[in-house]
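Report on one structure; see the data block that follows.
The values are calculated or read from the model by the stated rules, or taken from the named source; none is laboratory data. From a predicted model like this one, the values you see are computed outputs, not experimental measurements. All Cβ positions, glycine included, derive from the backbone under ideal geometry; neighbour counts span all protein chains shown. The protein model used for the area step is the full one, side chains on, heavy atoms only, and it has no ligands, DNA or RNA in it. Shrake-Rupley method; radii C 1.70, N 1.55, O 1.52, S 1.80 Å.
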Amino acid sequence: MIAFSGHRVDDEGRTTARFPHSAEASVASVLGAALDDLFSGGVMRGFAALASGGDILFHEACLERDIPTTILLPLPVEEFLIESVTPSGDDWMDR
């Protein structure tokens with residue numbers, strides 16, 4: 001079991017960068033490498049929310065490696081989408 005919690009990508013206008021959109025590819029690469037190090041081909045499952053940023057990248061990296069995941073949301077679906085996905089743009093909603 002792997003539990004993941006990460007940062008959302010920065011909202012437009014954030015004055016201090018924490019997770020700029022330009023870092024998405026490098027974060028995805030680091031997550032993939034970490035999963036490769038942890039996954040030995042046995043039984044594994046990932047657990048994370050589904051916010052725009054690290055959470056979605058984690059689920060995508062697991063999917064690429066055939067690691068099943070479970071989505072855990074801290075709010076009802078519609079409220080979670082409004083708070084944690086839609087502010088980052090339509091491409092994150094599509095994902």
TODO: Among the numbered conditions (1) in contact with a helix residue (DSSP H, G or I) (Cβ under 8 Å, 6 or more places away or on another chain); (2) over 18 Å from Pro68 (Cα atoms), tell me where Ser22 comes up short.
DONE: (1)
Task: Considering residues of segment 17-45 that are open to solvent by 90 Å² or more (accessible area, probe 1.4 Å) and part of a loop (DSSP other than H, G, I, E, B) only, the residue modelled with the lowest pLDDT - done: Ser40
Task: Test result for Met1, open to solvent by less than 70 Å² (accessible area, probe 1.4 Å), of a type in the set (A, V, I, L, M, F, W, C) and at pLDDT below 95 - done: no
Task: Residue that is nearest to Arg45 (Cα to Cα), among those in segment 1-30 that are of a type in the set (Val, Ile, Thr) and touching a residue at least 40 places away in the same chain (Cβ under 8 Å) - done: Ile2
